[in-house]
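The values are calculated or read from the model by the stated rules, or taken from the named source; none is laboratory data. Because the structure is predicted, anything quoted here is derived from the model rather than measured. So basically every Cβ, Gly included, is an ideal-geometry build from the backbone, and we count neighbours across all protein chains shown. Heads up: the accessible areas ignore ligands, DNA and RNA and are worked out on the full protein's heavy atoms, side chains in. Shrake-Rupley method; radii C 1.70, N 1.55, O 1.52, S 1.80 Å.
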Amino acid sequence: MTPDNGRSDLIARCAGLLSAAESARRPIDPLTTSYPQLNVADAYRIQQANIELRMTGGQRIVGHKIGLTAKAMQDLFDVSEPDFGHLMDTMMHAASEPLDLGELIDPQIEVEPAFVLDRRLEGPGVSIEDVLAATIGVRVCLEVIDSRIIDWRIRLQDTVADNGSSARVVLGSQLVPPSMLKLDDLETELELDGVVVEKGNTSAILGHPAKSIAWLANRIADFGIALEPGHIVLPGTCTRSVRIRGHRWIAGRIAGLGEVRLQLKGNPSVARQS
């Protein structure tokens, strides 16, 4: 057996720190500060360890999310490809129910299209055309991201280990077949308390959001897994994310997909810390 030079202990230690931080809603120092030897491969192992822990506790994988799809974000993190995380059933939040920010640490909001699959996508070799053929429909989506790392002082390894900073997913009611949309040219808006704070176009998601999902299907093939029928896949946002502490209403709009609105209540955990 080839020794892992203590890597397994590192993975277990970091996974435990992130899991405890999420449960207690108290952020920790960046893993990359505490453990500078941490690499991206380690980070995905940490993510997987906590996903397996969630599944042992009865949670189900319902999809995936993709991040770092915009070139500006890749430049910021000095990477040449996106990253990904898992979506669990416990992350899905109904738009009809207010979201209690007290369940979170320091949440931010993004608006993006959500692809709903009705066929399996298994890499390698998945193309944009394959993604569109496997997609039963697309919804407008609000993704609430949250970092278990204090003040979002993250490097790539930190966010990958932290399951792509995933928190909650809120889907719009309209499910539109991809054939009815020009998915690479949809105007997008993010509104907080009646004020539009971000605008963008889905062309900023790797040129076409389906390209992002094709990348994911091919990337996770390296781990021996695939995107399954019924999965929800978030290809990334075309606007900046915005902190939502102190706000009470969010709306996300994408041309052709309509609007999703979400009421907020309470205050995130960081608001109570000093």
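Values computed for the structure shown
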| item | result |
| --- | --- |
| Within the range 197-274, strands (runs of 3 or more DSSP E) holding 2 or more residues that are modelled with pLDDT of 95 or more and open to solvent by 10 Å² or more (accessible area, probe 1.4 Å) | 249-254, 258-265 |
| Unique match (being crowded, with 23+ Cβ neighbours inside 10 Å, closer than 30 Å to ALA21 by Cα and β-branched (Val, Ile, Thr)) among VAL138, VAL111, VAL131 | VAL111 |
| Qualifying residue in the range 32-41 (condition: buried (at least 19 other Cβ atoms within 10 Å of the Cβ), of a type outside the set (Ser, Thr, Tyr) and out of contact with any Gly (no Cβ under 8 Å at 6 or more places or on another chain)) | yes |
| Restricting the range 141-179 to residues that are in a strand (DSSP E or B) and among the charged types (D, E, K, R), the residue that is surrounded by the fewest Cβ atoms within 10 Å (Cβ to Cβ) | ARG168 |
| Contacts under 6 angstrom Cβ, first residue in the range 210-230 being within 20 Å of ILE51 (Cα to Cα) and of a type in the set (Ser, Thr, Tyr), partner open to solvent by less than 10 Å² (accessible area, probe 1.4 Å) and at pLDDT 95 or above, 6 or more apart | none |
| Pairs with Cβ under 7 Å, 6+ apart, first in the range 154-169 and among the basic types (Lys, Arg), second surrounded by fewer than 24 Cβ atoms within 10 Å (Cβ to Cβ) and assigned to a loop (DSSP other than H, G, I, E, B) | ARG155/PRO30; ARG168/HIS93 |
| Selection within the range 195-218 - under 16 Å from VAL131 (Cβ atoms) and among the charged types (D, E, K, R) | LYS211 |
